Amino acid sequence: MNIAIAMSGGVDSSAAAAILKAQGHELVGFTMQLWNQRRGISVDENGDPLPSRCCSLDDVYDARRVAEELGFPFYVLNLEQEFERDVVQPFVTSYLNGETPIPCVACNSRLKFASLDKLAASLGCEKVATGHYARVEFDQAANRYCLLRGRDPNKDQSYFLWELTQDQLSRALFPLGELSKKDARQAARDNRLAVSEKKESQEICFVPDGDYAGFIDRYLEAENQTGRLPGSGEILSPGGDVIGRHAGIHRYTIGQRRGIGIAEAQPLYVTEIDPIRNRIIVGPQEELLSDEFTATGVNWIAFDDPTAPVHAEVRVRYRHTAAPATITPRPNSRASIRFDEPQRAITPGQATVFYRGDEVIGGGWIIK
């Protein structure tokens, strides 16, 4: 087949390209220039650019080198404006609203796949391949494409792909879906790719040091929007007593323990963020347990929008072990989810993904 492949310059996408090339496919490689490092926002205390896993010039160079080593054409797509509009700005706004966003989902479905789909079609490519650890299969009986977990449970990335549509899934190809990380790295070594020993990062690409609050401070300063910063506010006990002050709600997330700055006999955790009153509520760990929440923007993959409750295993963050729950559809692409047993730190802004065994049946965004 003729295949368009997204290349980040890392081991996974490079290994995926090598595997497809060895299978005899004709490839066209694309790297997406997403974040402009020259803006001086993602920098360290000395003002030097922080290393990034998919936005730096070094990564573009690595991707181009792999394409040359494997012998297929390579192009760079400048999507900086789209990335800032559709990923970075919503990320900043979400934190200012007291949420904890996960931008990788929106980046995958609304930017990367959407852009590559258009390019693939214009170039006559039949599939769009990436280095995700996930699988796609076609269910003849249901006449639908199914999204499945990657075989390696430690690397499964199906959680980040729940927004993909049937149209996008029909063209999606994940060559690493049956492999482990060790297998992927070995494939890169076997093909003597220059990136075979390259390290990987688990952080958000435009915040490579993990300091989300620092990034938001610098971004709003660069945009002359520091007036949007929430400023200092009260920290309350579960009973409503003021027991301290915080330095801005964007510096906290549900379940956080460190950095609260209040000494108590038992550990305190952030249990609620109130953006309207600019307050943080803290309490003991048991206050983090909840058995229900509301999701919006729900996308069903395994079937059309259901009219009756659906029982499935539900995840509320990437590293959360899916737990049994009942999903009740609501109007306007919403759903109410009730777990069989209470779960810890269900956090607005995070993605929730619904599974039946290895199959992703749908997902949504936690709002309440």
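Brief remarks on what is shown
- Taking the range 307-316 as the range and being in a loop (DSSP other than H, G, I, E, B) and either modelled with pLDDT of 95 or more or touching a Ser or Thr at 6+ places or on another chain (Cβ under 6 Å) (or both) as the test, the residues that pass are ALA308, PRO309, VAL316.
- Of all the criteria given as (1) among the hydroxyl-bearing types (Ser, Thr, Tyr); (2) out of contact with any Gly (no Cβ under 8 Å at 6 or more places or on another chain); (3) open to solvent by 30 Å² or more (accessible area, probe 1.4 Å), the one not satisfied by SER196 is (3).
- Residue check, ILE327 under 24 Å from ILE281 (Cα atoms), open to solvent by less than 10 Å² (accessible area, probe 1.4 Å) and either at pLDDT 95 or above or assigned to a strand (DSSP E or B) (or both): no
- Residues of the range 115-145 satisfying the condition of being under 17 Å from GLU359 (Cβ atoms) and touching a Leu at 6+ places or on another chain (Cβ under 8 Å): HIS132, TYR133, ALA134, ARG135, VAL136, GLU137, TYR145
- Some residue of the range 292-306 being part of a strand (DSSP E or B), more than 21 Å from the chain's Cα centre (by Cα) and of a type outside the set (Asp, Glu): no
- Members of the range 338-361 that are open to solvent by less than 40 Å² (accessible area, probe 1.4 Å), under 21 Å from the mean Cα position of the chain (by Cα) and not polar (S, T, N, Q): ALA345, ILE346, PRO348, GLY349, ALA351, VAL353, PHE354, TYR355, VAL360, ILE361
- Of everything in the range 184-193 that is open to solvent by 70 Å² or more (accessible area, probe 1.4 Å) and of a type in the set (Lys, Arg), the residue that is farthest from ALA134 (Cα to Cα) is ARG192.
- Top-ranked residue of the range 94-145 - restricted to ones that are assigned to a helix (DSSP H, G or I) and open to solvent by 50 Å² or more (accessible area, probe 1.4 Å), ranked as nearest to THR347 (Cα to Cα): ARG110
- Among residues of the range 277-291, those that are part of a loop (DSSP other than H, G, I, E, B) and open to solvent by 90 Å² or more (accessible area, probe 1.4 Å), counted: 1
- Any chance GLU163 is under 30 Å from GLU223 (Cβ atoms), out of contact with any helix residue (DSSP H, G or I) (no Cβ under 6 Å at 6 or more places or on another chain), part of a loop (DSSP other than H, G, I, E, B) and acidic (Asp, Glu): no
The values are calculated or read from the model by the stated rules, or taken from the named source; none is laboratory data. Because the structure is predicted, anything quoted here is derived from the model rather than measured. Cβ coordinates were reconstructed from backbone atoms using ideal geometry, including for glycine residues, and neighbour counts include every protein chain displayed. The area values use the complete protein model at the heavy-atom level, side chains included, leaving out ligands, DNA and RNA. Shrake-Rupley method; radii C 1.70, N 1.55, O 1.52, S 1.80 Å.
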